[in-house]
Structures are given as structure tokens and as C-alpha cells.
1. Considering only residues that are surrounded by 19 or more Cβ atoms within 10 Å (Cβ to Cβ) and away from the ligand (no atom under 16 Å from the Cβ), look in the stretch 295-308 and name the one that is farthest from the chain's Cα centre (by Cα).
2. For the stretch 72-98, what are the residues that are surrounded by fewer than 19 Cβ atoms within 10 Å (Cβ to Cβ), closer than 25 Å to residue 187 by Cα and in contact with a helix residue (DSSP H, G or I) (Cβ under 8 Å, 6 or more places away or on another chain)?
3. For the stretch 449-468, enumerate the residues that are surrounded by fewer than 20 Cβ atoms within 10 Å (Cβ to Cβ) and more than 28 Å from the chain's Cα centre (by Cα).
4. From the list 195, 206, 189, pick out the single residue that is within 12 Å of the ligand (Cβ to nearest atom) and out of contact with any strand residue (DSSP E or B) (no Cβ under 6 Å at 6 or more places or on another chain).
5. Among the residues of the stretch 375-392, write down those that are surrounded by 12 or more Cβ atoms within 10 Å (Cβ to Cβ) and closer than 22 Å to residue 174 by Cα.
6. What is the one condition in (1) on the phi < 0 side of the Ramachandran plot; (2) at pLDDT 95 or above; (3) within 15 Å of the ligand (Cβ to nearest atom) that residue 369 does not satisfy?
7. Would you say residue 264 is at pLDDT 95 or above and either crowded, with 16+ Cβ neighbours inside 10 Å or within 23 Å of residue 309 (Cβ to Cβ) (or both)?
Ligand code: SF4
């Protein structure tokens, strides 16, 4: 090929408009955070974000596998995109995340118009895989990594209020709770370099963000060894003994010191790993929110045992007491599963009695849904009849609604510092935000905008929201 031909080719390449992509996200905060990494990686490679799926050349569905109905929703969405593909045969449809990891090539076979399947540790390979598809092949990368933390990627915050953001501090989980698919879809636990986390927090603050949530499946087991992430699982790194390790308590403090106006939250804690040291760090720093999400899952020691949760009822109560002693004004939320394998009526009552004892501000509550491939699916029978599961679920829901209402009523007359997140959906004269306990508060204001702090006195409430007025 002569010089002129090369140049012509270069001109053609330059004039070609960039490919457009659209990412649709399902599931947890971790998936939202992963989508932000995917967007950053694709933009770095010259792709542009499309405002809608209809305008995209590549549609990526970031999926959740935690419950069967989450997967059903994704399958319905894939079928929508298949219809779109009939009008635009060039459209590339990709499935990312936990469902991609769980089903692997099965998705290509079942849903024949899916072109791309990429697991949570393989997003760096996305641009190369898209090129492969353009050359007429299907592409899959579901290899899980022991090291990938995407620590050098600055996520692109694609949605939200530009005030609150997530920062992923670790990936994977080593806990193997028997009902959970996460260790199989997100692989082994690994912690991210703390310096890169602090840098990301600083950058977000400079960009105007005022609240960050540090994310991990089990943040309390965050551990960074001076020489690098924990590589040889289960073995102490003898050679790193003299190098300072960074625990979650250390990391929390490092991030809190970025700026006193930057609120810090974290999710998710695990009762077996949550230390008093972490609680003391929370109590010490005004800008670390006084709120802990501590999943209980069940109030029965036997059920917790077969769930392989690593704690019993007593240990859970002991952790709640530690929170209440060290952080007296702490907001508390939890996760509860109704009708896990072999759960008896008595054991369900133990869940109810533990909820009565703690009186959570909020709870995420689900009837047990068996996930293929999990230890529970292999070892235990999903033998609680659906109508019993639903009845137990209704009891749990009703009790939680009652506790949320009682908790909110007890806030009437109290004064809170509120970080304003935007205008209330119902009225332009009202703004909404959250207090440190993570409760939503609405109040009338014509002078506050998103990102401002306000002092607000609670005057009334519903079970989900506090209503207040500004205090000068
Ligand atoms: S701690 Fe248990 S429930 Fe949470 S992600 Fe890990 S295995 Fe799943």
C-alpha cells in the first residue's frame, strides 16, 4: 500500500462518526457503580454515550441475578431489544454483570440475538469484544479475576443528582452465605488501593458532590496490605508484616478527612465482621453518617446456621447493642428473608421478636427465592409452601411499616442537619434531602439548592418521609 492510500484510509477513519452506546442498569448500587466504570472504559476508547437505547449502536444491559424475578425482567428487556434489532440489524446487544456470569454462554444459545456476554471482572475487554462482533463473531468473557478492582478507572457518573455518588472499595465476596449467588457471579473478595479511593473522593468533592457511599459486599472485611491487595487468600502475607495494613476503619477515617463538608456513608456491613473500631470512627467524625445497614436475614440461630451467615442471634444482638452504645443516635436498617428452607413457625416468630427488639428504621424484605447453583439449592429443600412464605412476609412487612411510623413520629420536634438533594417531586416550593440517619426530609425553601446543608425541624411525618420546616 502506498502513502496516498494510507492517508485516504486515515481520513476515512477520522471522518467516521463514533459508535454510540447505551447502558441500562438493573439491581444493586454495585451494578450502578459498575455501569459507571463501563461508561468510562468505552468513552476512553472513543465511544459516545447515546441518550436512549433507540439511538445506540451498542446496547448493554447490566444485570442482576440475586432473585428470579430480577432475571425475568432482564429477559423481557432482551426481547424488547431483539424487536429493535429487527429494524436495525447492525445493533449489538450485550449482557453484562451477574446474570452474564451466572449463565455464561447459555445466554447466547437461549437468546440468540444477544451478541455479547461479559462478566463483572472483564469490562476492560469490552472494546475488543465489540470489535470482534463487528467482524462477525459472538463474544464472551466471563473470566473472574483475583486482582481486578478497576482502581485506575475514574467512573463516569451518568445519572443521579450530581450530589451523591458511589465509590466501589472492594469487589467479590468470600462469605458463601448459602442462599447467595454473589460469590459465584462476582468472584473472590479483593480490596482496592486506598489511595485511589481517597483520590476519587477528592475529585468528586471538587466536582460538587457532597455525599459518597463506599460500596462493597462486605465492607467490614476490607483489607489492604501495603504491598498490594490480598492475593493469597487464607494465608497471612508474612513478607508484608512490617508494612502497614489498611482496615475498613482506617479507610473510613481517611475518606472522612477529605473534607468535613463531604458526607460519608457505606454499605454493606456484616454482623460477623463489624468491629467496635469502625463504630468509634463513625462516632468520632461528624461527616460520617450515623447510619448502619446491618443485614439480619433471620432471628433464628438455627436458620442463620444453615444460611451460613457466620453469626447467631446473640452475636447480632450484641452488635446492635454496640452500635447503640457507641453511636446513640444511629439510624438502623436491615435485610430479612421470609421462609428460608425448613424455617418453622417458631423460627419465623424469632425473626419477628428480633425485629421487635431492634425496631429498625427501614428494612429490605423478601420471600426466599432459590437460586440455582447456590449451596442452599444443592443442600436444602425449598420446602416452605408459597402461601406460608407470603403470610410470613406480610407479617414482617406490616411490623416494619409500624416500626418506621413509630420511629418517624418520635422524630417530630427534633432538629436535623439535612443535605439537600433536589426539589420535591410534588411541589416546586419544597426541597428534599436526607439527615445523617438516612431519613428523607421534605421542607419548604426558596433558598436551598442541591448540595446545600440546611437545619430543619421535623413537624410531621408519614411512614416513609419526615416533613419539616427550616430553622434559622
Ligand atoms: S455477605 Fe453473604 S449475602 Fe452478602 S454478598 Fe457475600 S455471600 Fe452474599
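1. My answer is 300.
2. Answer for the stretch 72-98, where residues must be surrounded by fewer than 19 Cβ atoms within 10 Å (Cβ to Cβ), closer than 25 Å to residue 187 by Cα and in contact with a helix residue (DSSP H, G or I) (Cβ under 8 Å, 6 or more places away or on another chain): there is none.
3. 455, 457, 459, 460 - these are the residues of the stretch 449-468 that are surrounded by fewer than 20 Cβ atoms within 10 Å (Cβ to Cβ) and more than 28 Å from the chain's Cα centre (by Cα).
4. None of the other options fit; the residue is 189.
5. Matches in the stretch 375-392: 375, 376, 377, 380.
6. Looking at each condition in turn, residue 369 falls short on (2).
7. yes
To keep it simple, each residue is scored yes or no on (1) more than 16 Å from the ligand (Cβ to nearest atom); (2) closer than 29 Å to residue 201 by Cα; (3) without any contact (Cβ under 8 Å) to a residue 24 or more places away in the chain; (4) not assigned by TED's automatic domain parsing to the domain that holds residue 190.
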residue	(1), (2), (3), (4)
263	yes, yes, no, no
272	no, yes, no, no
279	yes, yes, no, no
293	no, yes, no, no
310	no, no, no, no
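The values are calculated or read from the model by the stated rules, or taken from the named source; none is laboratory data. Just so we're clear, the structure is a prediction, and the values are computed from it rather than from any experiment. No Cβ is skipped: glycine too gets one built from the backbone with ideal geometry, and neighbour counts run over all protein chains shown.
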